[in-house]
Amino acid sequence: MMKFLKLKPSVGLLSIPYSLIFIFFFFIPLALTFIISFWDYNEYSIIPDFIFENYSYIFKDCFNFEKDLCVTFKTYLSTFLFCFVTWFFTLIIGFFVAYFLAFYVSSITWQIVLFLLCTIPFWTSNVIRMISWIPLLGRNGLINDFLLSTGLADAPQEWLLYSGFSIVLAFVHLYTLFMIVPIFNSMMRIDKSIIEAAYDNGANGVQILWNIIVPLCKPGIVIGSIFVITVVMGDFITIGIMGGQQIPSIGKIIYVEMSYLQLPAAAANAVILLALTLLIIWIMTKMIDIRKEL
Amino acid sequence: MNKNLTRRKMLKTSTAALGAVAGAGLLKGFPAIHAADAPVIRYLGTAVNMGDAVQKKLFDDTGIKVKFIVKTTDEVVKTIFTQPNSFDIVDSEYFSMPKLVPSGNLLGMDTKRIKEWDNVTSAFTKGEVAGKKIGDQGTAPKKVMYLKGAKSKEFASEPTQYVTLIPTVYNADTLGIRPDLIKRPISSWAELLNPEFKGKASILNIPSIGIMDAAMVVEAMGEYKYPDKGNMTKEEIDLTMKIFTEAKKSGQFRAFWSDFNESVNLMASGEVVIQSMWSPAITAVRTKGIPCVYQPLKEGYRAWAAGFGLPATTKGRQADICYEFINWYLSGWVGAYLNRQGYYSAVIPTAKKYMEAYEWDYWMMGKPATADIMSPEGKKLASKGEVRDGGSYEARMGAVACWNATMDENKYMVRKWNEMIAS
């Protein structure tokens, strides 16, 4: 930044407000979290120290492969699985919704109206959402009533609610919008004449989709994927509510530790979660240079 | 030039704005009551039992206004540690005292300033109901009631002038069931893990309270007899969690709940037919017209108790106003309001004065209702002829087996609980 300042003072000055916000509300809290993760604690206070106990506890028994998988690995494994499945479905659905909005809906008004429809899942609070799934997926819910009355099942299907299925359903329901927006944005920038040229050269619809639209949408796909993956990695509310509090998540572990004032332990977990999430994003940005594409 | 001027003007405005923000931040440091004409008390608590009616009555009687800072049980404790000056009065549970008192963030409460102190129920002061000793496993209030002095960080074993909290409300908790779906009598905590209710049971996912319910179940199953359920050793925690982990893996639980509303929904929808539950949640299910019983069990109840505390920095006029509020709280009107919700008031004689005879007979004496029983909000809770679950005050509070607790091995317990959830 110093070099920057020398070259163009005005640019350097302009970047100060944002840099300050970044330092105060992002860098300092993060640095504190990192520092506190090495502290000791008791029932009611945290004690400045430099210990690795908080970290070593997280990985206790994790490298003893004769035993069952340790809690930490189990939790991360289940979180990664939710991440992948959610990413997969939001990508497929998000891509085609964006495709429809970008190429089949020609009037701006309708595009806006349909976009607003996509935001409906965000209009409700978590509590309402939690309550409203029960009448649909529950033991006495609509779907089970239908299955039983048509004879498709002889007993209520319990895996519909408080299961991995209901968690993924809620994630996809909520976060597909995060895919739609950046992919739609990429699609709107595609020069229509490229598609016309492909047509003229005899490419069919599938070839155009695969060889032109998908490659040109890559930045949108990567941005959408980053949104979805970071949100799912840190989530504990949706997993808690839809999983009936029986399915673990790193966020929940951190939350419980914080509410019992085990702040250093929570900080250590947060640092590991952050490192893993950054690693995933780093790999994704290696696959495609977003800055260049934008 | 013009551009420059606007920029300068903008800088000025933003500096002013910054100043205003900083000023507001400073002001926050002062107790709210000095800032306003009408005394306002910042009330930190779960506020599950504080409706609008209470606030209105308080203002009419004393001119004091209450500003609620509503948090969950665990967050209340956290706030006392991390922001001890963000509230004027705290409504906390006794089981938090072993954690809170050593921090020195709370003031020893002077019982000489409490008008009704001599009438506080013996369940708090002596651990007795109607002259008989009740269960005192866990953090029973009498163990953490008295302090060695106003600023002491140590508990006194004998009654002293200074106490940790001024008791307000307490209750005996048990399992809630759906009698219409279970269709047979339930009489033991062991039924929670009965395979008959596979996929239809639930327990609360708040480790410090859940572990106590779990211990009641383990003991009822005859698996182990704890010397003190409220203060387990590491081995006892392992054993308890092992039994629950196995039950969880075999699909015994439909869901765990951590929020009051979740427990109501699980029960009302029939997803769960037997679970740990709190008294107002039972009421909420019943007011929907769905049968739900707060089932008395032969092993007894798990009790909890709450009271008012003040931050250690309280003094002068602020203390006067808080004591006035507490005295008003114990003077009967709120006591009757709490009793009508199915809780118990810490000062029983004053509450009686504000209840109708038929209400008193139903809620406190365990007699059949001679008229429909209404909640404080005017919703019907029980019809004429019905008897309260568990019966009279003496029958319910007399059968307390243990109290919500903070264990010496709390850190270990929370970790083990997390492991069970992850299993």
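The values are calculated or read from the model by the stated rules, or taken from the named source; none is laboratory data. Note that this is a predicted model, so its numbers are computed, not measured. Positions of Cβ are generated from backbone atoms using ideal geometry, with glycine treated the same way; all protein chains shown enter the neighbour counts.
Give segment A:17-67 a look and list any residue that's exposed (fewer than 12 other Cβ atoms within 10 Å of the Cβ), within 14 Å of another protein chain (Cβ to nearest Cβ) and within 15 Å of A:Leu263 (Cβ to Cβ), or say none.
Hits for segment A:17-67 are A:Leu32, A:Ile47.
Considering each residue of segment B:46-61, count those that are crowded, with 16+ Cβ neighbours inside 10 Å, touching a residue at least 40 places away in the same chain (Cβ under 8 Å) and not in a loop (DSSP other than H, G, I, E, B), and give that number.
Qualifying residue count for the region: 2.
Which residue is farthest from the other protein chains (Cβ to nearest Cβ), if the candidates are limited to segment A:133-168 and must be part of a loop (DSSP other than H, G, I, E, B) and closer than 14 Å to A:Thr238 by Cα?
Applying the filter and picking the extreme gives A:Ser163.
Taking B:Glu246 as the residue in question, decide whether it is part of a helix (DSSP H, G or I), within 14 Å of chain A (Cβ to nearest Cβ) and surrounded by fewer than 23 Cβ atoms within 10 Å (Cβ to Cβ).
yes
In segment A:159-180, what residues are within 15 Å of A:Pro121 (Cβ to Cβ) and either among the polar types (S, T, N, Q) or touching a strand residue (DSSP E or B) at 6+ places or on another chain (Cβ under 6 Å) (or both)?
If the condition is that a residue be within 15 Å of A:Pro121 (Cβ to Cβ) and either among the polar types (S, T, N, Q) or touching a strand residue (DSSP E or B) at 6+ places or on another chain (Cβ under 6 Å) (or both), then A:Ser166, A:Thr176 are the ones that fit.
Which strands (runs of 3 or more DSSP E) sit wholly inside segment B:74-193 and have at least 3 residues that are of a type in the set (Val, Ile, Thr), surrounded by 21 or more Cβ atoms within 10 Å (Cβ to Cβ) and under 18 Å from the mean Cα position of the chain (by Cα)?
Numbers: elements: B:89-93, B:166-173, B:175-177.
Of the strands (runs of 3 or more DSSP E) lying wholly inside segment B:74-193, those with at least 3 residues that are of a type in the set (Val, Ile, Thr), surrounded by 21 or more Cβ atoms within 10 Å (Cβ to Cβ) and under 18 Å from the mean Cα position of the chain (by Cα) span B:166-173.
Across segment B:194-230, what is the number of residues that are surrounded by fewer than 18 Cβ atoms within 10 Å (Cβ to Cβ) and closer than 25 Å to B:Ala140 by Cα?
Summing the residues that are surrounded by fewer than 18 Cβ atoms within 10 Å (Cβ to Cβ) and closer than 25 Å to B:Ala140 by Cα in segment B:194-230 gives 7.
Do we find that B:Gly210 is on the phi > 0 side of the Ramachandran plot, small (Gly, Ala, Ser) and assigned by TED's automatic domain parsing to the domain that holds B:Asn404 in this structure?
Taking the combined requirement at face value, the residue does not satisfy it.
Checking B:Arg388 against (1) under 30 Å from A:Val256 (Cα atoms); (2) more than 14 Å from chain A (Cβ to nearest Cβ), only one condition comes out false. Which one?
It fails just one condition, (1).
Name, by its number, the condition in (1) within 11 Å of another protein chain (Cβ to nearest Cβ); (2) of a type outside the set (Lys, Arg); (3) without any contact (Cβ under 8 Å) to a residue 40 or more places away in the chain; (4) over 14 Å from B:Leu204 (Cα atoms) that does not hold for B:Leu239.
(1)
Each row is one residue, and each column tells you yes or no for (1) closer than 30 Å to A:Asp68 by Cα; (2) more than 20 Å from the chain's Cα centre (by Cα); (3) not assigned by TED's automatic domain parsing to the domain that holds B:Tyr343.
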| site | (1), (2), (3) |
| --- | --- |
| B:Met374 | no, yes, yes |
| B:Ser383 | no, yes, yes |
| B:Val387 | no, yes, yes |
| B:Asn410 | yes, no, yes |
| B:Trp417 | yes, yes, yes |
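Do you know which of the residues in segment A:244-259 that are facing chain B (nearest Cβ under 8 Å) and either free of Cβ contacts under 8 Å to residues at least 40 places away in the same chain or of a type in the set (Gly, Ala, Ser) (or both) is farthest from B:Asn410 (Cα to Cα)?
Of everything passing the filter in segment A:244-259, A:Gly244 is farthest from B:Asn410 (Cα to Cα).
Can you list the helices (runs of 4 or more DSSP H) lying wholly within segment B:331-423 that have 1 or more residues being over 30 Å from B:Ala214 (Cα atoms)? Let's see the steps before the verdict.
Working: elements: B:333-340, B:348-353, B:357-363, B:393-398, B:410-422.
Filter on segment B:331-423 gives B:333-340, B:348-353, B:357-363.
If I filter segment B:63-73 down to residues being at negative phi and more than 13 Å from the chain's Cα centre (by Cα), which single residue comes out as farthest from the other protein chains (Cβ to nearest Cβ)?
Here the answer is B:Ile64.
Just to verify a result, which residue in segment B:257-288, among those that are assigned to a loop (DSSP other than H, G, I, E, B) and within 12 Å of chain A (Cβ to nearest Cβ), is farthest from B:Arg340 (Cα to Cα)?
Taking the candidates together, the pick is B:Glu271.
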